[in-house]
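These notes are about the structure you will find just below.
The values are calculated or read from the model by the stated rules, or taken from the named source; none is laboratory data. All values derive from a computational prediction rather than experimental measurement. Ideal geometry is used to build each Cβ from the backbone, glycine not excepted, and the neighbour counts take in all protein chains shown.
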């Protein structure tokens, strides 16, 4: 029989050998599992059909919408307000219509939101309310049961615009919202927030 010290040393060697063969096997299994999981997530994300719908009076919301669409690989649909909104009088009428919760006349949009898995809706904030054009678009399209994400552009605070917009489509499944203050003046910060937000939407 081996002395105690030699038996202990031999036992330690056996433990080390088993560990060397056991842990790499577990590591290989873990890597295969996470690789499959990553591929599955990628497949789900790439197969998701997304639509970005927006209204823009000055161009700020349009720029944001195009960036979001590029990040998501989404189609884009612009909502065109047939009422003149340019200049000071246009701003005044927009403010009055927003505070009065009025709809407006919009041109026919090109895409059907029913054909998409995710609908991203963007609007400028008019006196803490969504624009009349987006209010009208929502009234014309039933998004019940659809995955919907919202983004807003504003020069000041958003106030209660998020809840007001959600209340227009109570049966939608809301995936998140993004509020961007003065996006044209804070381009780097805006880009960063868009990328981060779109990453969460793809998950």
Going by what's in this entry, would residue 88 be described as exposed (fewer than 13 other Cβ atoms within 10 Å of the Cβ) and part of a helix (DSSP H, G or I)? yes
Collect the residues in the stretch 63-81 that are assigned to a helix (DSSP H, G or I) and within 21 Å of residue 139 (Cα to Cα), keeping them in residue-number order. 65
If we only count helices (runs of 4 or more DSSP H) wholly inside the stretch 91-203, which ones have 3 or more residues that are loosely packed, with under 14 Cβ neighbours inside 10 Å and free of Cβ contacts under 8 Å to residues at least 12 places away in the same chain? 187-202
Counting only residues that are within 19 Å of residue 114 (Cα to Cα) and touching a strand residue (DSSP E or B) at 6+ places or on another chain (Cβ under 6 Å), how many does the stretch 56-77 have? 6
Unmet criterion (only one of (1) closer than 18 Å to residue 194 by Cα; (2) modelled with pLDDT under 90) for residue 62: (2)
